[in-house]
Each structure stands twice: as structure tokens, then as C-alpha cells.
Amino acid sequence: MTNRLLLHLLFGLVCVSGALHAPPASAVPMINDPKGFQNLAWGTVLKGRTDVVPSRTGPHITEYRSATGPAIFAGAEMTSILLLSVDDQFARVTIRYQGEQTHAQVMRFLETQFGPLERIPGQMARGLNQQYNWRGPETEINVTYQANTERGFIFIDSRTLAPRFNDHITDSAE
């Protein structure tokens, strides 16, 4: 069970690093830092809550899914929304979605909520791998969109707690 969780986390890291083939994206300063996700503050203990259920557990990292209905973000249904805690503290949200229209809706929502992206002349706004970042005092949001498969990934991280995931990834991921 722990091996699966580590592999899942490594997959997320691979997805983010896969975006490195795109031109470097600098983080846009975030307006309205959410300090968590959908009324859950960073550091909240998710264990024992009735609105989420654990889907994978390990000695330090636990992954939760909503127990209250479909995965909705930015007014659209997502493929999945996972809440991750490290040492019982809520630290990361991983969202997966599919489709160009959903991607456009997600981007409109994020730019409205957290600030417009900087459009630099010559910067690639479209391409096979697109990456967008917002960075606030407590939260960082990273969006990676793979245009050829129309798959999107959103990572919403606590800037202080999410780095602790690295402490629990072994060299061999076994």
C-alpha cells in the first residue's frame, strides 16, 4: 500500500517535470491566497472527518477523496480530486481533468481568483505541454496541461507543508 502511494507521488512529480519541455514558466504573484482548499485550511487534520474518506494510507502520507459527491472544481467536473496529508496535516491537493473546454474553464477560474497570467511577447501560450504557476505567501498552484492528450493536472500546495512529502520518498520508491 505504501509503495503505491509513493509511486503515485512520483507520478505527480514526473507529470510536473514533464512540463519542463515547455518554455520555463515563472510563477505569477497570487492575489487572494486561499490558505488551503475549499474551506479546508492548510494543516487541518483530515482523519475522522465525515466529508472525506481515505483512499490510500501510508505511515506518513494519506490520500483522501470526497465522500460527498462528484469531484467539482472551477464549476466543472474533474476526473479526480485528491487531498493529501503528511503526518496528519493537510498539505496538498491533486486535481486531474480531461478536455480542452474544461482546461479553458479551469484557466479562466484560476486567473479570476488568483490573478491574470503574465503574457510576455514571444511566450508560448499553446503547445504540447503548457505550465502555469501562481505563488502566494502560503499557497502555490501549478497547472500542467498536455494538449496532445487533453489531460490537465493541478497541484495546489501548502508552501510550508508540501516540501515534507520529499522527506518520505525513498531513493528506490520501494
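Here's the yes/no breakdown for (1) under 27 Å from Asn148 (Cβ atoms); (2) in a strand (DSSP E or B); (3) at pLDDT below 95:
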site: Pro54; (1), (2), (3): no, yes, no
site: Tyr64; (1), (2), (3): no, yes, no
site: Gly69; (1), (2), (3): no, no, yes
site: Leu82; (1), (2), (3): yes, yes, no
site: Ser85; (1), (2), (3): no, yes, no
site: Arg92; (1), (2), (3): yes, yes, no
site: Arg96; (1), (2), (3): yes, yes, no
site: His103; (1), (2), (3): yes, no, no
site: Met107; (1), (2), (3): yes, no, no
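Quick one: count up the residues across the range 76-94 that are buried (at least 21 other Cβ atoms within 10 Å of the Cβ) and out of contact with any helix residue (DSSP H, G or I) (no Cβ under 8 Å at 6 or more places or on another chain). Counting residues in the range 76-94 that are buried (at least 21 other Cβ atoms within 10 Å of the Cβ) and out of contact with any helix residue (DSSP H, G or I) (no Cβ under 8 Å at 6 or more places or on another chain) gives 5.
Residues are listed down the side, and each one gets a yes or a no for (1) touching a Cys at 6+ places or on another chain (Cβ under 7 Å); (2) among the basic types (Lys, Arg); (3) under 20 Å from Ile141 (Cα atoms); (4) surrounded by 13 or more Cβ atoms within 10 Å (Cβ to Cβ):
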{"site": "Arg49", "(1), (2), (3), (4)": "no, yes, no, yes"}
{"site": "Ser55", "(1), (2), (3), (4)": "no, no, no, yes"}
{"site": "Gly58", "(1), (2), (3), (4)": "no, no, no, yes"}
{"site": "Ala67", "(1), (2), (3), (4)": "no, no, no, no"}
{"site": "Ala74", "(1), (2), (3), (4)": "no, no, yes, yes"}
{"site": "Arg96", "(1), (2), (3), (4)": "no, yes, yes, yes"}
{"site": "Met107", "(1), (2), (3), (4)": "no, no, yes, yes"}
{"site": "Leu117", "(1), (2), (3), (4)": "no, no, yes, yes"}
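Only one entry in Ala125, Ala162, Ala147, Ala173 is over 30 Å from Asn39 (Cα atoms), out of contact with any Pro (no Cβ under 8 Å at 6 or more places or on another chain), at pLDDT 75 or above and not charged (D, E, K, R), namely Ala147. Of all residues in the range 49-93, those being of a type in the set (Asp, Glu) and touching a residue at least 60 places away in the same chain (Cβ under 8 Å) number 1. Residues in the range 37-47 that are closer than 17 Å to Gly136 by Cα and either among the aliphatic types (A, V, I, L, M) or modelled with pLDDT under 95 (or both): Gln38, Asn39, Leu40, Ala41.
The values are calculated or read from the model by the stated rules, or taken from the named source; none is laboratory data. Because the structure is predicted, anything quoted here is derived from the model rather than measured. For neighbour counting, all protein chains shown are included, and Cβ atoms are generated from backbone atoms with ideal geometry for every residue, glycine included.
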